[in-house]
Amino acid sequence: MLRFVLRVLGPLATLLGGLGALMTVIGMLDPVSVQLSNDADPFGEPPTLVASLGHLALWSAILAFGLWLLLRPRGKRHDTDRAAP
């Protein structure tokens, strides 16, 4: 059951991490267009560079985790089968 969950989680995390990182980079290139409609502050300030870099780090970590799940070696690790001396 856990293998199935990890096989589904790998591509999903890779897809979401890649899209999130791409959208964050686009938002960093044009920060004014990132401000979503907000009734309380319709013409508010765009996100700061520090906030954008934080989002980029988060999405990059999710992308790296998904790639690790996809590309990690499968099967038993042979080093753990040996008895300890």
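The values are calculated or read from the model by the stated rules, or taken from the named source; none is laboratory data. This is a predicted model, so every value here is computed, not measured. Every residue, glycine as well, gets a Cβ built from its backbone with ideal geometry; the counts of neighbours run over all protein chains shown.
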Checking Val34 against (1) surrounded by fewer than 13 Cβ atoms within 10 Å (Cβ to Cβ); (2) touching a Pro at 6+ places or on another chain (Cβ under 7 Å), which single condition isn't satisfied?
(1)
Number of the condition not met by Ala13 [criteria: (1) part of a helix (DSSP H, G or I); (2) more than 16 Å from the chain's Cα centre (by Cα)]:
(2)
Met1 passes all but one of (1) more than 21 Å from the chain's Cα centre (by Cα); (2) farther than 27 Å from Leu70 by Cα; which number fails?
(2)
In region 35-64, what residues are more than 18 Å from Leu19 (Cα to Cα), of a type outside the set (Val, Ile, Thr) and either at pLDDT 95 or above or in a helix (DSSP H, G or I) (or both)?
Leu49
